[in-house]
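The values are calculated or read from the model by the stated rules, or taken from the named source; none is laboratory data. If you're wondering where the values come from, they're calculated on a predicted model, not measured in any experiment. Cβ atoms come from the backbone with ideal geometry, glycine included; neighbour counts cover every protein chain shown.
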């Protein structure tokens, strides 16, 4: 299927900006925003803030947010800065339940543009980044998100703390475990669609002059994401490719993709396409983020080549880069 909304995003930043301002590419909201603009500006914003994020990675982040409420990734020196900057991009707050000494030192020095506040036990905090002491309950995080419903909120937990209360729809959890995978620490309702991503972030020189972010609020994001499902539907032949990976897993151990996960994969791919990716790239990325993390624990170490061969055969040579990288990512980050 050839989708008229598919556009190749140039690595040239001026081309990104020009494309971002073309509201005819995909569905826009009342403020003229579209998901291509958001993805491209996110990549630019991160680079100007000192982190190299490719457009494909920006698409992965936004697609994952539409498909999942829990995102799992490995701990890196850049991870804390990434989610701090991501929330600055959205004009909101990030919550962290455990921090590295380097992060706290940077906070004390006002190294985050003086917008970071350490969350105190009496519950007072101001600023864009709220740092939780290890072991603190995240119930207040959920309450804070519910009380500030127009905004997107992100909670980073290394301890696997998920509040056992009704979770507001504008709150996402970033889980940073020791071993990458869909941990049993994640509540079942959230684990059903949890995603595992590899951001492979790199440091770059921070810009003195920065492009203002679009300040996308929660309602705008939901509207754009749901519109993408209607405008960027996935062709049936593409779904059959996912079926083949599911069938392969079922030859190793009884496995089928649950309906809820199928629906999440569909949401993921539609947003990926709306962000400027191709349908083939969307399938590849969705397999890497949502399907392979559930299959890899079944596969014995040393048998990865069979899966890699199937992925390239099914998706086409050169169209399985994200999925192949996901296999290596899983092996690097599990014991």
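Worth pointing out:
- Residues in the range 283-293 include none that are assigned by TED's automatic domain parsing to the domain that holds residue 241 and over 15 Å from residue 242 (Cα atoms).
- Within the range 183-196, being part of a loop (DSSP other than H, G, I, E, B) and closer than 15 Å to residue 264 by Cα holds for 192, 193, 194.
- When restricted to residues that are assigned to a helix (DSSP H, G or I) and surrounded by fewer than 20 Cβ atoms within 10 Å (Cβ to Cβ), the range 302-312 contains 7.
- Residues that are part of a helix (DSSP H, G or I) and in contact (Cβ under 8 Å) with a residue 60 or more places away in the chain, drawn from the range 246-262: 248, 260, 261
- Taken as a whole, the condition of being assigned to a loop (DSSP other than H, G, I, E, B) and surrounded by 13 or more Cβ atoms within 10 Å (Cβ to Cβ) applies to residue 168.
- Residue match in the range 99-116 (condition: closer than 25 Å to residue 187 by Cβ, at pLDDT 55 or above, in contact with a strand residue (DSSP E or B) (Cβ under 9 Å, 6 or more places away or on another chain) and outside any helix (DSSP H, G or I)): yes
- Residue count for the range 313-335, restricted to those that are assigned to a helix (DSSP H, G or I), more than 24 Å from the chain's Cα centre (by Cα) and closer than 27 Å to residue 62 by Cβ: 1
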